[in-house]
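So the structure is just underneath, and the comments pick up after that.
The values are calculated or read from the model by the stated rules, or taken from the named source; none is laboratory data. Computed from a predicted structure; not experimentally measured. Methodologically, a virtual Cβ is constructed for each residue, glycine included, from the backbone with ideal geometry; neighbour enumeration extends over all protein chains shown.
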């Protein structure tokens, strides 16, 4: 008989069972990095056993939450409706203790609207201040120079896609794969950065290059600049940092007309907003950019970031907000 969970040994809680959902979360780069964040600083240099990483803390918190939920379920507190429902009680406490003068700041209009639609923040002052882009760090590099430095010798149009974890459903990589199947491999070269399973790419028949994780802005700047188009196929993004970075480097973007990215890209002015969530329209967008007034698209992309998302502009908006709060 096979089991659908694994067990982790914990020095405090002994055996912690992890179901498939917990295992999937545990395997993400973001959670794995917690292994290197020590809560006790450098105490382990004096007391070798005093490591207690954030990873261990997360495991313990997960275990205690599971125990609490099990106890609540046993008492019939979960799923109960009415005035004494636990969820309703927690919601009322949250509403009561959020200070009335709190101003909620979303990093996109979509995220701000989610706050306005919530039961907790519905009557609060909700504003949008977008994420910032350092335009002195992300700027256009001559395409041929960038390609030479990156070892890209192809004469085809380069389609770039990248994220920390391309396997994530929310990044929409399956939509990208479906879209490129509608393109001709004789015309396009694929470039990637981030966590990528190359077994999903090889059967497509495209020439490609995977740059893996890029840990500095210089490499990212070169790759954005080397590409002819950047595709951001995310299903959900609070903002869309890679989209804005690409545009800052003068490379037009194709993304869905949804969530955070729709604040960044202006349809057929500095990129293409595809119908959510149609892979075919992603392919249409790539072809449209390649057949349009490309230099103007590139100039418009850079200009949008300079005038809207530049760090100095965003810092100024936060400064105005702080001054308003202390008046």
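Brief remarks on what is shown
- Residue 114 within 20 Å of residue 260 (Cα to Cα) and out of contact with any helix residue (DSSP H, G or I) (no Cβ under 7 Å at 6 or more places or on another chain): yes
- Unmet requirement for residue 291, which otherwise passes all of (1) in contact with a helix residue (DSSP H, G or I) (Cβ under 9 Å, 6 or more places away or on another chain); (2) closer than 18 Å to residue 182 by Cα: (1)
This table checks each residue for (1) surrounded by 13 or more Cβ atoms within 10 Å (Cβ to Cβ); (2) over 21 Å from the mean Cα position of the chain (by Cα); (3) modelled with pLDDT of 95 or more.
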{"residue": "284", "(1), (2), (3)": "yes, yes, yes"}
{"residue": "290", "(1), (2), (3)": "yes, yes, yes"}
{"residue": "293", "(1), (2), (3)": "no, yes, yes"}
{"residue": "310", "(1), (2), (3)": "yes, no, yes"}
{"residue": "317", "(1), (2), (3)": "yes, yes, yes"}
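- Checklist (1) crowded, with 21+ Cβ neighbours inside 10 Å; (2) in a helix (DSSP H, G or I); (3) in contact (Cβ under 8 Å) with a residue 40 or more places away in the chain applied to residue 231, failing item: (2)
- Within segment 212-229, if we keep just the residues that are over 26 Å from residue 284 (Cα atoms) and touching a strand residue (DSSP E or B) at 6+ places or on another chain (Cβ under 9 Å), the residue that is modelled with the highest pLDDT turns out to be 219.
- The residue pairs whose first member lies in segment 10-29 and is in contact (Cβ under 8 Å) with a residue 60 or more places away in the chain and not assigned by TED's automatic domain parsing to the domain that holds residue 167, whose second member is surrounded by 10 or more Cβ atoms within 10 Å (Cβ to Cβ) and not in a loop (DSSP other than H, G, I, E, B), and whose beta carbons are closer than 7 Å, counting only pairs six or more residues apart or on different chains, are 28/165; 29/164; 29/165; 29/195.
- Consider segment 236-264 and keep the residues that are crowded, with 22+ Cβ neighbours inside 10 Å and out of contact with any helix residue (DSSP H, G or I) (no Cβ under 7 Å at 6 or more places or on another chain). The one that is nearest to residue 144 (Cα to Cα) is 242.
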